[in-house]
Structures are given as structure tokens and as C-alpha cells.
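What follows is one structure encoded as C-alpha cells, with my remarks underneath.
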Amino acid sequence: MIISRTPYRLSFFGGGTDYPQWYLREEGAVLSTTIDKYCYVSCRYLPPFFNIKHRIVWSHIETVSTIGEILHPAVREGLRFLGFDDSQGVEIQHQGDLPARSGIGSSSSFSVGLVKALTGLKGEMLGKMDLARQAFTLEQDILKETVGSQDQVAAAFGGFNVIRFLRDGQIQVEPLTLSLGRLAELEQNLVLLYTGTSRLGSDIAKSVTENFSLRSAELKTMRVMVDRGLGILSGTSSLEEFGKLLHESWMLKRALSHEVSNSTIDEIYQKALGNGAIGGKLSGAGGSGFMLFYVPISKQAHFLSAMHPYICVPFSFSQSGSSIIYYDGPDRRVSGGYSSEGEGAHKEMERRRLPSLKTPKKAKDKILVGHRS
């Protein structure tokens, strides 16, 4: 068995410029961070003692005889894409810390985590950019979903980054080198609220991309905001300027399509501004899900009381991208042993075998960024 853990992300500026339909013509950039909320994907070869071939556990439990019968599109096409067939059954289980389709990058985090786990199950190890590009191929080319490219890169690399998308298709990931104090101050003044609704982001994204030719000026301004936001973070001015820029960015994003916001989201946003928030945005493509606000820490108690019953989700910035947190050794199928193909990779992963989840281990050091409870 192998288990991958993949973080969700928060995107601050530049969202919309990460669609290939845009950046292959005009270039794009985003400023984003991963957070300590994750999706987990476990995979194993299914023993041949059952009257089924494959078992997939997500919001449904699927027991099927062929890959073609699998309902979950990313799992079905991901298995095919990565070279699995019906000669050997597999079991895949997915769990997530946050709701799906809520604007937190969960779909792409799942795709990245699925590719990470399935390639690991085969004894293969992908680099971070290769992992992200495999997820691009799955989502954008095979599933034909209208999705950007920032979420897959953020999930694969992890951390607080500027991600630049160039016209020739190259992608540059630039980690922010900020003081721990500055990062802690930023996080302490951010509040993540769940509005209690979800949507299929690719449907909204399609309406956004169809308007690109009409919204070129807005998108170019949103790309520039990435460097403005970076300037605020790396400077000495008040971080409240970051909150004001979030507001400015959200006003532009709303103009990209009439589907980005709605009367409910607008009402929540105005209520937040009236109770201490300096600025904010709806996370993801739009329509529903999580909303991120910059709220001075001195005003957060009143803000949270006023915004009840919306759920506040405490979080910390995370530095790690998609990773294997459990691996029980080489592929030892019931039929005996494993093929010579990839044997070296199997041995390498065996040497790097991680401890069982039941084994106590010292927690990794992490940036202290004011975890709220």
C-alpha cells in the first residue's frame, strides 16, 4: 500500500491568468500558498480473492470488474493514462480535510495526489514539475476540463510562491524569501470562511475563458497585482495594504464573468467589510465555496461573531508539496514477486521506506504562523 498527502492552496493574486488559453498568448502569474489542509489518496493492488476487480472509495463506493466501469472520471482516466489495466485489480481510497468543489484547489490536489500514489505504486518517482505536468495532462487534455495550471503546480511544489506562466509553456516557481515574522503577521490577519456551498469550478471557468478577448485589460492588471502584492510582502509598509489589494483584485475578478459572483456572495462580502474586513475574495473560480478575508487580528473576535453561522477554518501556511507519507515496500502481488521492469526504482523506494503510520515520530519543524483555534 502507498499513501500520498497533497496540500490545498490559497491563491491571492493573478488567478485567471493561469489558464493556457491566456498565458500562451499573454503570459500569466499567480501569488499563492499551500496550507496545512490536505487530501489523502491510498492505493494498493487488490488481492484476487474477491468477485470484483477494482474498488474505488470516494463519496461513493464503487466495486467494478473493469476500469471502464469506474464512475469517477479522474480515477478512471488516470488509471488508463498511467498504464494500468484489468490484469491486476487496484483499490483506491480518497479522503480530504476540506469539502470538494469549494474553491480551495481540491480537484487538482486530488489529481496530483492520485498521480503521485499510482506512479509510486508502480515503483516510479516523479519530480515536482513532472508531477504537475502529468496532472495538467490528465485534467486539461484527457478529461477536457476547463481548469487553470496554478493549482497543480502549487500542490506539487508546496510553499508560498510566485508562479509564472510563460508564452512558450514554461513554468517558473519562485519561492518567497520573507522573514518568519512577516509571514506570521500575514497569516494572523487572514480569516478563511466556508460559505456552505459548492460548485463545479470548471463550468464557471469556461464562462471566464470565453470572455478573455473582452477582459484583456482586467487580466493584465490582475497579473501586475502579483508583483504589487509581492512588493507589499517584501517591504516594510503595513500589511493592511495587502488587504486593500485583495479587495481591488476581487472587484476585477467579478468583472470577468457574471458567474464569478452572485447575490449571496456579494451579501457575505459586504457584511464582512462592514464588520472589520479590509478586503477579501472568493477562492477559486467563483460562485461559492471558501472566502478569504484580511481582518486585523484586533477585530477578528467581532468579525467572527458577526459572520456566524459561516464556518471559520483555522489554517497555517504549509511548506510541503505532495508527498508519500506511507509506503510498505516493493510490489509483492499475490501471484508472486514483481516484474523486472522498474526493479531498481522499487529497491530505491524500499531503501527510502517511511515508518508505519503507527510509529510515533517527531513532528517536523514548521514556520510558526499563529495557528488560530
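The values are calculated or read from the model by the stated rules, or taken from the named source; none is laboratory data. Since this is a predicted model, take the numbers as computed values, not measurements. Here Cβ is always computed from backbone atoms with ideal geometry, including for glycine, and neighbour counts include all displayed protein chains. Heads up: the accessible areas ignore ligands, DNA and RNA and are worked out on the full protein's heavy atoms, side chains in. Shrake-Rupley method; radii C 1.70, N 1.55, O 1.52, S 1.80 Å.
Close contacts from the range 128-154, counting a first residue that is touching a residue at least 60 places away in the same chain (Cβ under 8 Å) and a second that is open to solvent by 50 Å² or more (accessible area, probe 1.4 Å) and part of a loop (DSSP other than H, G, I, E, B), with Cβ to Cβ under 6 Å and a gap of 6+ residues or different chains, come to 139/145. Restricting 115, 90 to residues that are at pLDDT 95 or above, farther than 22 Å from residue 140 by Cα, among the aliphatic types (A, V, I, L, M) and crowded, with 19+ Cβ neighbours inside 10 Å narrows the list to 90.
Taking the range 118-136 as the range and being farther than 30 Å from residue 314 by Cα and crowded, with 24+ Cβ neighbours inside 10 Å as the test, only 118 passes. The residue that is most open to solvent (accessible area, probe 1.4 Å), among those in the range 205-240 that are β-branched (Val, Ile, Thr), modelled with pLDDT of 95 or more and farther than 24 Å from residue 187 by Cβ, is 224.
Take the conditions open to solvent by 40 Å² or more (accessible area, probe 1.4 Å), part of a loop (DSSP other than H, G, I, E, B) and in contact (Cβ under 8 Å) with a residue 24 or more places away in the chain and apply them to residue 248. Does it pass? Spelling it out, it is not the case that residue 248 is open to solvent by 40 Å² or more (accessible area, probe 1.4 Å), part of a loop (DSSP other than H, G, I, E, B) and in contact (Cβ under 8 Å) with a residue 24 or more places away in the chain. Do you know which of the residues in the range 137-153 that are crowded, with 23+ Cβ neighbours inside 10 Å and either of a type in the set (Ser, Thr, Tyr) or part of a helix (DSSP H, G or I) (or both) is farthest from the chain's Cα centre (by Cα)? For the range 137-153, the residue satisfying everything is 138. Looking only at the range 93-112, filter to residues that are of a type in the set (Gly, Ala, Ser) and open to solvent by less than 20 Å² (accessible area, probe 1.4 Å); which one of those is nearest to residue 283 (Cα to Cα)? Only one residue tops the list, namely 103.
Taken as a whole, the structure leaves residue 299 outside the set of residues that are open to solvent by 10 Å² or more (accessible area, probe 1.4 Å) and under 19 Å from residue 16 (Cα atoms).
Within the range 269-317, the set of residues being closer than 15 Å to residue 12 by Cα, more than 16 Å from the chain's Cα centre (by Cα) and aliphatic (A, V, I, L, M) comprises 278, 295. Residues of the range 64-85 include at least one that is open to solvent by less than 50 Å² (accessible area, probe 1.4 Å), part of a loop (DSSP other than H, G, I, E, B), touching a residue at least 24 places away in the same chain (Cβ under 8 Å) and more than 27 Å from residue 170 (Cα to Cα). Please pick out the residue among 19, 40 that is of a type in the set (Ser, Thr, Tyr) and open to solvent by 50 Å² or more (accessible area, probe 1.4 Å). When all the criteria are applied, what remains is 40.
The sole residue among 266, 227 that is part of a helix (DSSP H, G or I) and in contact with a Leu (Cβ under 9 Å, 6 or more places away or on another chain) is 227.
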